[in-house]
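For reference, the structure is listed below as structure tokens.
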Amino acid sequence: MFVKKDLRKIPEILADATSRASRVPLAPPSNDCNNDDAETKTNANNDESNTTITELSFARRAPEFLPSKTVSLLLQPHFLPALRNLLRLSLYDCGLETLAGIESGGQLHDKGGADSENDNTNKNEPIFPNLQQLDIGRNPQITNASLPSTFSAQFPSLLEVWCDDCSFGPQISEELLNIHTLHVVRMTKNKLRNSLNTDIGIKYWLDLRVLALDGNQLTEIGEGIGLLEHLEVLHLRQNELREIPEKVPSGRNGRLRMVSLSSNRLEKFPVGLTEVNKIGFGESAISLREVYLNGNKIQKLPSGVWGESNEDGMNGWLGSIKKLNLAHNAIGAEANENDEANVIDKANVLPKDFLERFGMPNPATGECNKAEGIIVRLEGNPFAEFLKKKWIDDKRKNELEEEEVKRKKESEAEDEEPMDVDE
């Protein structure tokens, strides 16, 4: 969908939003924080010029935030009515260095002059009391030090925070951890490293639905993630994880439907993945559907977990899988590649219940195609590459044999042709 950019400057946009806010009361906020392509979004009203603006996108407007590289442009006392009505705010790719000033809600009220005298708002009210989604992504100069100490107090209703391509680290800041209402946290490609905050799931972010920490340098995560009962999506790809705690994920993560741990350094299959459906299994449960473990060093798969699940969940705790990516691991690395029987049987490369459900990988593609509607990828593993090489060699051998047979037949046909005799 093509969206026409609002060509007005930020102060003009905010002045318009403020003017509308003084005329029209804000409708009750919705919990729907899905992205919208429009630059501004309003509450429905027959007269569009009088509707309250609830969404503002100032993405890619870095020149307007110069030279201060702060959000002071927004934090003017006369803009407070507009800011209080916002549900979604995007400051994506604005060249920001700091969010200092956001904590000064009461001070802004005090500076409001004549307008503030008629404002019945509590002077201690946060600047963004209704904001549900905040996007500060692609501001690479924003670090932990960029957030004021009372940052969390200004967002009592915040559900989603997007911080992709910033420079938070080496740990997640306390100012973000103290936003206890969060459902979605995106912090891909930041500077997080070593151990992830172990209190996540125990003290912080207890209502989390989506946690995306791809592209960092994390080496460990805590068991608290296994306690997040509402967690649905977990992204930890492109880190430096060597192992996952046995209780991550766990049966407490009964709503978990997707886990991505690709491009790490895992040597063992995370056993916690087999625990997800053991608690709360039933028609209302959101069972695990997608698992991405490609690009690791996993050598063996667990057995007894791959059977198709029944109502009791007893045939296999990973029986609900629809997408399983195990490509480019080390499965079959210990097998004797000179003996196909060793590759498949003696090395116990693939568990019996795995083979019964998904079958052997297609030697040409590395995909297991036995189970209809399920994608299982194994290409790039030593045993799959051996099978592929053998398939190519056999195919070439058959082609050469066919060519030889054809050549012989053509030669015999030429020998049988009668010779011309001159009369």
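The values are calculated or read from the model by the stated rules, or taken from the named source; none is laboratory data. Treat the numbers as computed from the prediction; the structure is a model and nothing was measured. As a convention, Cβ positions derive from the backbone with ideal geometry for all residues, glycine included, and neighbour counts pool all protein chains shown. All accessible areas refer to the heavy atoms of the entire protein, side chains included, with ligands and DNA or RNA removed. Shrake-Rupley method; radii C 1.70, N 1.55, O 1.52, S 1.80 Å.
Condition check ((1) charged (D, E, K, R); (2) without any contact (Cβ under 8 Å) to a residue 24 or more places away in the chain; (3) open to solvent by less than 60 Å² (accessible area, probe 1.4 Å); (4) not in a loop (DSSP other than H, G, I, E, B)) across all residues:
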| site | (1), (2), (3), (4) |
| --- | --- |
| LEU158 | no, no, yes, no |
| VAL161 | no, no, yes, yes |
| PHE168 | no, no, yes, no |
| ASP214 | yes, no, yes, no |
| VAL248 | no, no, yes, no |
| GLY251 | no, no, yes, no |
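Do you know which residues across segment 56-73 are within 22 Å of SER157 (Cα to Cα) and buried (at least 21 other Cβ atoms within 10 Å of the Cβ)? Across segment 56-73, the qualifying residues are LEU56, SER57, PHE58.
In segment 89-116, the residue that is modelled with the lowest pLDDT out of those that are on the phi > 0 side of the Ramachandran plot and open to solvent by less than 30 Å² (accessible area, probe 1.4 Å) is GLY101.
Quick check on GLU240: is it among the charged types (D, E, K, R), within 17 Å of MET258 (Cα to Cα), assigned to a loop (DSSP other than H, G, I, E, B) and touching a residue at least 24 places away in the same chain (Cβ under 8 Å)? So GLU240 fails the test. If you go through segment 175-212 and keep only what is in contact with a strand residue (DSSP E or B) (Cβ under 9 Å, 6 or more places away or on another chain) and part of a helix (DSSP H, G or I), you end up with LEU176, LEU177. Pairs needed: first member in segment 59-75, in contact (Cβ under 8 Å) with a residue 40 or more places away in the chain; second member anywhere, acidic (Asp, Glu); C-beta distance under 8 Å; at least 6 residues apart or different chains. Cβ pairs passing all conditions: ALA59/ASP93; ALA59/ASP135; LYS69/GLU97; LEU73/GLU64. The selection criterion, being at pLDDT 95 or above, of a type in the set (A, V, I, L, M) and under 28 Å from the mean Cα position of the chain (by Cα), holds for LEU86. Run down PRO148, PRO67, PRO126 and say which single residue is modelled with pLDDT of 90 or more and under 23 Å from ILE53 (Cβ atoms). The conditions single out PRO126.
In segment 136-149, the residues that are over 11 Å from SER173 (Cβ atoms) never reach a residue that is hydroxyl-bearing (Ser, Thr, Tyr) and open to solvent by 80 Å² or more (accessible area, probe 1.4 Å) with C-beta atoms less than 9 angstrom apart, at least six apart or across chains.
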